[in-house]
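Coordinate-derived values only; no laboratory data. All values derive from a computational prediction rather than experimental measurement. Positions of Cβ are generated from backbone atoms using ideal geometry, with glycine treated the same way; all protein chains shown enter the neighbour counts.
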Amino acid sequence: MRTWLMKRNCSFSPKQVGLFYLSIVSFSLLVAGYFWLLGAWMILIFTSLALLVLTIALYVYSRHALDYEKITITGKQLIVEKSWGGKVQIEEFNTIWTKLYCGGTGRHRLALKSSTKEVPIGFFVVMNEQEQFEKELKSYLGL
């Protein structure tokens, strides 16, 4: 059995994002409240708008922070499991009938092709490790 697990390179975990968000919201509301007490009531509108934009941005970030791609080969069965934005997609292939095609540039250059299916892979592989990943995977295919 051989498994490759490739994940996003994220600087914040979802828990860290939550703590960061809580601190920004607290500080912003503290400053806005101070100015509101001084009579500058319009600051609450702009603070609310800024916090709404921040909330949307961090929500999108958090949805994709845990994205991954897992390729497992057990005997003649190849399973590709992808998680993108919380949605998991699983594809199964037979290693004998599956080929690895290399085309294009950048992150979408690798794909697994069988008679009726084609699945792009290797999105989270670091650029300088793509050749090694490609060699390792090819050694298991088309036996």
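Distant-in-sequence amide contacts of residue 95, defined by a placed amide H-H separation under 5 Å and a gap of 5 or more residues or a different chain, comprise 77, 78.
The angle separating the long axis of helix 14-37 from the principal Cα axis of greatest extent in the chain is about 20 degrees. Here segment 1-133 yields Rg over Rh of 1.23, to two decimals, using C-alpha coordinates and the Kirkwood radius.
Once the other residues with Cβ under 10 Å from the Cβ of residue 86 are scored (Lys, Arg +1; Asp, Glu -1), what is the net sum?
It works out to a net charge of +1.
Using the Cα centre as the reference, give the magnitude of the dipole from point charges on the C-beta atoms of the chain (Lys, Arg: +1; Asp, Glu: -1; all else neutral), rounded to the nearest 20 debye.
Using only the charged Cβ atoms, the result is roughly 240 debye.
Summing -39500 (n - 2.57) over the DSSP H runs of n ≥ 4 in the chain and dividing by its residue number, what mean residue ellipticity at 222 nm do you reach, to the nearest 500 deg cm²/dmol? For the chain, the value works out to -13500 deg cm²/dmol. For segment 53-63, 3J(HN,Hα) computed residue by residue from phi via the Karplus equation (6.51, -1.76, 1.60; θ = phi - 60°) reads 5, 4, 4, 5, 4, 6, 5, 4, 4, 5, 5 Hz, glycine and proline entered as x.
For segment 9-65, dividing the convex hull volume of the Cα atoms by the residue count gives 55 Å³ per residue.
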